[in-house]
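Have a look at the structure below before the remarks.
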Amino acid sequence: MGMDSNASVDMSGNPVSLAANPHFGDSLNRNMIQSEIEGGVHLRDLPPRSMLSIETENRVYEVVVLGEETALISGHPEFCPAPAEVRINGSTWGGSMLKTRFLGRGMHLEFEHPVHRTIITSRIREIRAHT
């Protein structure tokens, strides 16, 4: 099942605010709103043991959520060929701004690996939840 790209509600059916933040610049506000429009999921909205497939431009990662910040991740032949416990930092637009504990289409997943340190993926194309 794919994530709904309709940004009016999140995965739990809660309304999503698309208002600009007056404390951020226009570019950052555009990116924040675009991430909500393109779809994604906040880790806080997923119960433990939720399973996701995250398709990036280069790979497909399999994720099992362990908690609000931690997950088992696999799918990279060098960094995580077998499930590795990682800390999910969130998603970026390729710069230093991080949308914490959020996995967003069109963004780069960032996670902390116990051996390889910070890993930043290619852009996320699709996020699918497994039942």
Fully extended, how many nm does the chain gain between Val115 and Ser96 (0.36 nm per residue separation, minus their Cα-Cα distance)? 4.7 nm
Could you provide, to the nearest whole Å², the per residue accessible area of segment 33-131 with probe 1.4 Å? 50
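The values are calculated or read from the model by the stated rules, or taken from the named source; none is laboratory data. Model, not experiment: these values are computed from the prediction. Accessible surface is based on the protein model in full, side chains and every heavy atom, while ligands, DNA and RNA are left aside. Shrake-Rupley method; radii C 1.70, N 1.55, O 1.52, S 1.80 Å.
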